[in-house]
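**Q** Got a structure for you, written out below as structure tokens; questions coming shortly.
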Amino acid sequence: MKALVYTNTNEIIYRDEPDPSPGPGEVLVKMEATGICGSDMHAYHGHDARRVPPLILGHEIVGTIVDGSQAGQRVVINPLITCGQCQYCDTGFSNLCPERELIGMRLAGAYAEKLVIPVRNLIAIPQTMDPVKAALSEPVATALHALNLARIRSPRPLSELKVLVIGGGAIGLLAALLLKGYGNRTTLLAETNDLRGQSAKEVAGCDLLNPIKDGDPEEGTFDLIIDAVGGDMTRKMAMKAVKPGGIFVHIGLMNSAGELDIRKLTLFEVTLIGVYCYTAADMRAAAQAIETGLLGDLGWVDTRPLSQGGQAFSDLDQGRCASAKIVLIPG
């Protein structure tokens, strides 16, 4: 089969790879579409010690089952493989399973024509569902999981909150789109790439701030902060902007440098929520949200052939892509 393989820092090669063979409890899936995630870019830059080249990256997936009793069924894939029997899996927190594995991290990922995956990780979708839209189920699930955690903590509905989303990449933009779908009309998006920021503003209908040109957002005025970048500067910005009693949701994993204003966190009872991935229920809800149009028509997604994936990674690296998401199409 053909696959896009991470072979070295800043190097992705399209080449022949052995066909995968399903083991017990697994099925073979023919890939239809797969998205490029920020974590894949992190690996591409050589900043993720868990992703060791040569490795097929990719975990945002839609495809068709090739073998078994469900052959021909179209599916999105939950890329988080868990044990299914620990206390976390038993209580619905499978994303915290101590034995969790994410395909495209140590296991072969989705930038290929075929993939093997456990049957329990399959989520059926309508045969008519657009594969490019369906491929966004995984990042939508991450944004949805983050907002669900914020909703549980918030004394008021998300629609009433003044929200700051930091980062106009896929997770940040999808969070803004979900907030719009929930009825929120007071979301501010902070993004330093003007090309991407303008595109996000047009798509999500939110206000836009470029912190480099416009300065930091107003201090102590936001009920909810979504940090979809996760860098030392964005954490500092978030803690400065959150109001007393506010909520700071941390999703991004750019780095762990810098200090967090623990004094403000304590004295003003700011709620800090860390977010990792999603649950199986989040994945199903995300696919349904896409299908029902909660996030709009998703026409802003950039699609490229899998064979041109190397150029797609380069364009994202150099900030030449206005879209927050590139989806690769095999064949």
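**Q** Can you name every residue in the range 250-279 that is over 24 Å from Lys240 (Cβ atoms) and surrounded by fewer than 19 Cβ atoms within 10 Å (Cβ to Cβ)?
**A** The one that is over 24 Å from Lys240 (Cβ atoms) and surrounded by fewer than 19 Cβ atoms within 10 Å (Cβ to Cβ): Tyr276.
**Q** Restricting the first residue to the range 141-163 and requiring it to be closer than 15 Å to Ile273 by Cβ, which pairs with a second residue that is among the basic types (Lys, Arg) meet a Cβ separation below 8 Å and a spacing of at least six or different chains?
**A** Pairs that qualify, where the first residue is closer than 15 Å to Ile273 by Cβ and the partner is among the basic types (Lys, Arg), are Leu158/Arg151.
**Q** Also: List every residue pair whose Cβ atoms lie under 8 Å apart, where the two residues are 6 or more positions apart in sequence or sit on different chains, the first residue falls within the range 61-75 and is at positive phi, and the second residue, located anywhere, is among the hydroxyl-bearing types (Ser, Thr, Tyr).
**A** Close Cβ pairs satisfying both conditions: Gly72/Thr64.
**Q** Tally the residues that are among the hydroxyl-bearing types (Ser, Thr, Tyr) and in a helix (DSSP H, G or I), restricting the search to the range 95-148. Even if it seems obvious, please write down each step before you answer.
**A** Residues of the range 95-148 among the hydroxyl-bearing types (Ser, Thr, Tyr): 111, 128, 137, 142.
Narrowing the set further to residues that are in a helix (DSSP H, G or I) leaves 137, 142.
Residues flagged as among the hydroxyl-bearing types (Ser, Thr, Tyr) and in a helix (DSSP H, G or I) within the range 95-148 amount to 2.
**Q** Filter the range 291-307 down to the residues that are touching a strand residue (DSSP E or B) at 6+ places or on another chain (Cβ under 9 Å) and surrounded by fewer than 16 Cβ atoms within 10 Å (Cβ to Cβ), then identify the one that is nearest to Ile56 (Cα to Cα).
**A** Ser307
**Q** Residue by residue through the range 31-51, note down the ones that are surrounded by fewer than 18 Cβ atoms within 10 Å (Cβ to Cβ) and either assigned to a strand (DSSP E or B) or in contact with a Ser or Thr (Cβ under 6 Å, 6 or more places away or on another chain) (or both).
**A** Gly46
**Q** Criterion first (β-branched (Val, Ile, Thr), in a helix (DSSP H, G or I) and at pLDDT 95 or above) does Ile290 satisfy it? Steps first, please.
**A** Working: β-branched (Val, Ile, Thr): yes; in a helix (DSSP H, G or I): yes; at pLDDT 95 or above: yes.
Yes.
**Q** Answer with yes or no whether Pro79 is in contact with a Phe, Trp or Tyr (Cβ under 7 Å, 6 or more places away or on another chain), assigned by TED's automatic domain parsing to the domain that holds Pro22 and either over 26 Å from Arg15 (Cβ atoms) or in contact (Cβ under 8 Å) with a residue 12 or more places away in the chain (or both).
**A** no
**Q** State whether the residues of the range 283-290 include one that is under 24 Å from Ser323 (Cα atoms) and either free of Cβ contacts under 8 Å to residues at least 60 places away in the same chain or surrounded by fewer than 15 Cβ atoms within 10 Å (Cβ to Cβ) (or both).
**A** yes
The values are calculated or read from the model by the stated rules, or taken from the named source; none is laboratory data. Predicted model, so just to flag it, every value in this text is computed and none were measured. A quick note on method: Cβ atoms are made from the backbone with ideal geometry, for glycine too, and the neighbour counts reach across all protein chains shown.
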